[in-house]
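Worksheet: one structure, shown below.
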Amino acid sequence: MTNIIEAVGLTKKYQDGDSTVFALQNVSLKLPEGESMVIIGPSGSGKTTLLQLLGGLEYPSEGTVKVHDKTLNAMDDGSLSAFRNSTIGFVFQFFQLHEYLTAKENIALPLMLAGKGGQEANTRADELLKDMHLEDRSRHIPVQMSGGEMQRVAIARALANHPKIILADEPTGNLDKKNAENVLEIFSHIMKSGVSVVMITHDEGMSKRFTRSLHLDKGKLIS
């Protein structure tokens, strides 16, 4: 089976004066295409750093990351940005929507950045708004929406360009129990559609929802 992600020996370190601080140390993993993975660990364990490396948002100090047969740390910034937009969808705990754009405009933006025409972008945005049951929020800006609605817009935005993989950083961490469960149900549907998902969380109970699970502590893979 083809791997959608292959990471080998990932290390991320920073200099703090004369000291070297390791955010991540020698982490390797593989995820077959179409499968899902949850990365579990306490705050400060290196989960977000690992997700950023897997998504090409940062370069590793050591090691390599390959996503969909592309070695991310061998790509220049322009090529990497275009690859991320076409292949990887990101969902964040605090939504990271453009505050002055409507729900529909937030969803359409990555399509426009990929060179899609306005009609195609709007049609896809309308389709995703319907999938997320947000048709009546199409013209609302983020401040006019609830946290659950904003996260559904963020998920729709992540799906806009038909990505191969979704990387989700604590997507339920800023939601109440009901909205968190709604978001997890959406991710279940995404995974059943064949899109690979990597999600990070501190919740041990999440592992049953994914085909694979990893545990991090103090920047190291412990299981």
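The values are calculated or read from the model by the stated rules, or taken from the named source; none is laboratory data. Note that the coordinates shown come from a computational prediction; the quantities given were computed from them, not determined experimentally. All Cβ positions, glycine included, derive from the backbone under ideal geometry; neighbour counts span all protein chains shown.
Look at region 42-54: where a residue is assigned to a helix (DSSP H, G or I) and a partner is small (G, A, S) and surrounded by fewer than 24 Cβ atoms within 10 Å (Cβ to Cβ), sitting 6+ places away or on another chain with Cβ atoms under 7 Å, you get K47/G41; T49/A23; L54/A7.
How many residues, within region 130-186, are of a type outside the set (S, T, Y) and not in a helix (DSSP H, G or I)?
Of region 130-186, the ones of a type outside the set (S, T, Y) are 130-137, 139-145, 147-171, 173-186.
In the following step, the residues that additionally are not in a helix (DSSP H, G or I) were identified as 132-134, 139-141, 145, 160-171, 173-176.
Residues meeting the conditions: 23.
Residues checked against (1) without any contact (Cβ under 8 Å) to a residue 40 or more places away in the chain; (2) more than 20 Å from S43 (Cβ to Cβ); (3) touching a helix residue (DSSP H, G or I) at 6+ places or on another chain (Cβ under 9 Å); (4) polar (S, T, N, Q):
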| position | (1), (2), (3), (4) |
| --- | --- |
| G115 | yes, yes, no, no |
| A125 | yes, yes, yes, no |
| H140 | yes, yes, yes, no |
| H162 | yes, yes, yes, no |
| K177 | yes, yes, no, no |
| G205 | yes, no, no, no |
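Considering only region 98-105, I want to know if a residue exists there that is over 16 Å from the mean Cα position of the chain (by Cα), part of a strand (DSSP E or B) and basic (K, R). Within region 98-105, none of the residues are over 16 Å from the mean Cα position of the chain (by Cα), part of a strand (DSSP E or B) and basic (K, R).
Starting from residues that are in a strand (DSSP E or B) and exposed (fewer than 15 other Cβ atoms within 10 Å of the Cβ), keep the ones in region 14-29 and report whichever is modelled with the lowest pLDDT. Before you say what the answer is, go through the steps one by one.
Within region 14-29, the subset in a strand (DSSP E or B) is 14-16, 19-29.
In the following step, the residues that additionally are exposed (fewer than 15 other Cβ atoms within 10 Å of the Cβ) were identified as 14-16, 19-21, 26, 28.
On the way: Y14: 86, Q15: 83, D16: 79, S19: 84, T20: 87, V21: 84, N26: 94, S28: 95.
Among those residues, the one meeting the criterion is D16.
Consider V197 carefully, then state whether it is part of a strand (DSSP E or B) and β-branched (V, I, T). Even if it seems obvious, please write down each step before you answer.
Values: part of a strand (DSSP E or B): yes; β-branched (V, I, T): yes.
Yes.
Here I141 clears all of (1) touching a Phe, Trp or Tyr at 6+ places or on another chain (Cβ under 7 Å); (2) surrounded by fewer than 18 Cβ atoms within 10 Å (Cβ to Cβ); (3) within 20 Å of I4 (Cβ to Cβ) except the condition numbered (3). I need the full set of residues from region 152-181 which are over 14 Å from the mean Cα position of the chain (by Cα), more than 17 Å from S207 (Cβ to Cβ) and surrounded by fewer than 18 Cβ atoms within 10 Å (Cβ to Cβ), in order please. Within region 152-181, N174, D176, K177, K178 meet the criteria.
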